[in-house]
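A.B. asks: One structure, pasted below without further comment.
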Amino acid sequence: MQQHFSLAECDVVGFDLDHTLCRYHLPQSARLIYDSFAQYLVTEKGYDKELLTLAPDSLNFCCKGLVLDIEEGNFVKLAEDGTVLRASHGTKSMTSEEVLELYGRKEWKHFNTVSGMVSRTAKYYLYDNYFDLPGALLCARVVDSLDQHDGQKKYDFWKDMVAAIQHNYKISAFKEDCGMYFPEVKNHPDKYLQRCPESVKKWLKQLKSAGKILLLITSSHSDYCRLLCEYVLGNDFEECFDILITNALKPGFFSHTPNQRPFRTLENDEEQEALLSLDKPGWYSQGNAIQLYDLLKKMTGKLDPKVVYFGDSMHSDIFPARHYSNWETVFILEELLGDKGVVPAKAESEPLEKKGKYEGDQLKVPYFVSKQWGSFFMDRLPGLENAEETLVHTWSCKCISTYSTIAIPSLEAIADLPLDYRFTRFSSNSSATAGYYPSPPRALLPNEDSVMMK
């Protein structure tokens, strides 16, 4: 495989929506997601009211790549070889000695399934994106609460957590104003959503002018998609894309056959009959990558059009687009912003009165490194008594270099580059940091005795 990647060589450019084209104000959206799940557990399932109060920096517990061992009530952070680097029982961190005693220096029991990109089973749940992540803190606090009141050893709260997620995010929730999440975003979009920078809007137009076909493929339903796009891109957002696919139910969109997951047309945001084939550009629901690719061949007049897909979820976007469809993949990784310890310039230029509006609870931004879990990219292997600690890549970090073409903090980071800019791609013959643009995370740089490990 060649060492460089360029958008100029791609015929088709596809985008995920949430946390990719549409960025959120993370402290506010994390709090809303936490509250929406907690409210349901307390009012509908009778959980402890304490869950509704949140200490200012408690969301710092949340860290992408954590896996919840549902039966044990433990969270684990995995090394690239599947050994456990850190663990907690509920919110309580385990010591290095406890981690070694409980997990040893061997592959975690479900690692084989997790590394096959099965992100959830009845036994565990992998936290891989910002829509799920605040639920990790809630589950950890539920475990604390059950320990305190019932002294449980095996935990049975997961079905209630699933009910809370479904209640808030189900397809009809937006229309019915059901749950807490959608009504709140509808009423206060400015609190939760970041408008798309002009540079990104200009870049989308530039891609179209250069003859690229633009796709939007999101698992969000069409009504929520419209709200987001109108807010972040403007009322003419449909002109940015040739094909819009909502309720795509990723990763199944990439792995399912046309029979399993046909495309459907939409009328007033209601899904209509299944289509036997996809014949023309437009707005569709559900669907599959196989029939989409057939249409792209027709539209480009090429037997093998080259597609690149931008997304923020390793499990739903990056891995399946690469593994099943062999598309180029650009991983949007906001952790690259937090890694620098800088505030994005845009936040500084906002007038003070606007800036202070939603900062009453002073919640920390989730992507600034978790004190409890350390770096998303690297960590120290717990050392035995007096033994040297060794630095290792996390499993999350390994996935990035295995399945992404490149990784960037946001679309804005590349919007001003010429389309024929040549990015160095992640590949087996280059260093582990090659594919990060504009720069690799500090934790991966040699001799960086990073504060994030401590």
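The values are calculated or read from the model by the stated rules, or taken from the named source; none is laboratory data. Given the structure is predicted, the values throughout are model-derived calculations rather than measurements. Cβ atoms come from the backbone with ideal geometry, glycine included; neighbour counts cover every protein chain shown. Side chains included, ligands, DNA and RNA excluded: accessible areas come from the protein's heavy atoms. Shrake-Rupley method; radii C 1.70, N 1.55, O 1.52, S 1.80 Å.
A.B. asks: Using the structure shown, decide if residue 128 is more than 29 Å from residue 332 (Cβ to Cβ) and surrounded by 16 or more Cβ atoms within 10 Å (Cβ to Cβ).
C.D. replies: Criteria not met by residue 128.
Yes/no matrix, rows are residues, columns are (1) part of a loop (DSSP other than H, G, I, E, B); (2) among the acidic types (Asp, Glu):
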residue	(1), (2)
99	no, no
105	yes, no
108	yes, no
112	no, no
132	yes, yes
136	no, no
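Residues checked against (1) open to solvent by 20 Å² or more (accessible area, probe 1.4 Å); (2) modelled with pLDDT of 95 or more; (3) more than 24 Å from the chain's Cα centre (by Cα):
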{"residue": "152", "(1), (2), (3)": "yes, no, yes"}
{"residue": "179", "(1), (2), (3)": "yes, no, no"}
{"residue": "185", "(1), (2), (3)": "no, yes, no"}
{"residue": "190", "(1), (2), (3)": "yes, yes, no"}
{"residue": "206", "(1), (2), (3)": "yes, yes, yes"}
{"residue": "210", "(1), (2), (3)": "yes, yes, yes"}
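A.B. asks: Just give me the residues in region 167-177 being open to solvent by 20 Å² or more (accessible area, probe 1.4 Å) and in contact (Cβ under 8 Å) with a residue 60 or more places away in the chain, in sequence order.
C.D. replies: Passing the criteria: 167, 171, 175.
A.B. asks: Assuming residue 164 fulfils every condition listed in (1) assigned to a loop (DSSP other than H, G, I, E, B); (2) open to solvent by less than 20 Å² (accessible area, probe 1.4 Å); (3) not assigned by the TED database to the domain that holds residue 268 apart from one, which condition is it?
C.D. replies: (1)
A.B. asks: Looking for whichever is out of contact with any strand residue (DSSP E or B) (no Cβ under 9 Å at 6 or more places or on another chain) and open to solvent by less than 10 Å² (accessible area, probe 1.4 Å) here; the options are 75, 15, 37. Which one fits?
C.D. replies: Answer to the check: 37.
A.B. asks: Residue 345 - would you say it is within 24 Å of the chain's Cα centre (by Cα) and either at pLDDT 95 or above or surrounded by 12 or more Cβ atoms within 10 Å (Cβ to Cβ) (or both)?
C.D. replies: Considered against the rule, which asks whether it is within 24 Å of the chain's Cα centre (by Cα) and either at pLDDT 95 or above or surrounded by 12 or more Cβ atoms within 10 Å (Cβ to Cβ) (or both), residue 345 comes out as no.
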